Amino acid sequence: MNSPVPMLRRIQVMEGPLTIYTASEQKDVLLSLFPLAHEVELDLSNVDELDSAGLQLLILIKRESLREGAQLLLSNHSPTVIEALRLSGLEDFFSNTSIAQSSGA
């Protein structure tokens, strides 16, 4: 019987839009990371569009990480992500989430 082996860390590179048109498929991918990892890093450097559905997905992922006892690390925020978090007022919500800044931004 094959059972998944827990990993210490998983890195998921997010690319393209994170919108109502992509959130559903991204949700399944992202939620599948937590049972297998103690730390999940989302590299947001290639996110070029982010709407309210994408923001809701990030909120869900943070809540899932807390429920699973895993650490969520948001890294390399694209300018689009930074602006969306600022405009939505969610910077404080993600302040308890580890945030890795890209160098030279």
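Key figures for this structure:
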quantity: Accessible area of S65 in the full protein assembly, 1.4 Å probe (Å², nearest 10); calculated: 0 Å²
quantity: Local electrostatic count at F34 - Lys and Arg +1, Asp and Glu -1, tallied over other residues with Cβ under 14 Å; calculated: +1
quantity: Average accessible surface area per residue within region 15-91, 1.4 Å rolling probe, Å²; calculated: 51 Å²
quantity: Length added when fully stretched, F94-I11, from 0.36 nm per residue minus Cα-Cα; calculated: 28.1 nm
quantity: Length released on extending from E39 to S52, taking residue separation times 0.36 nm less the Cα-Cα span; calculated: 2.2 nm
quantity: Net +/- balance of residues flanking R9 in space, Cβ distance below 9 Å, scoring K and R +1, D and E -1; calculated: -1
quantity: Derived scalar couplings ³J(HN,Hα) [region 82-93; Karplus, 6.51 cos²θ - 1.76 cosθ + 1.60; whole Hz; x for Gly, Pro]; calculated: 4, 5, 5, 5, 5, 5, 7, x, 8, 4, 5, 4
quantity: Pair K27, S75: separation of 7 Å Cα→Cβ label points (nm); calculated: 2.7 nm
quantity: Amide H contacts of V13 (H built 1.01 Å from N, under 5 Å, at least 5 apart or other chain); calculated: D43
quantity: Pairwise FRET efficiency - L87 versus L66, Cβ, R0 = 22 Å, nearest 0.05; calculated: 0.35
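The values are calculated or read from the model by the stated rules, or taken from the named source; none is laboratory data. Just so it is clear, the structure is predicted and the values come from calculations on it, not from any experiment. Note that we place each Cβ from the backbone using ideal geometry, even for glycine, and neighbour counts take in every protein chain shown. Note: accessible area is taken over every heavy atom of the protein model, side chains too, but ligands, DNA and RNA are not part of it. Shrake-Rupley method; radii C 1.70, N 1.55, O 1.52, S 1.80 Å.
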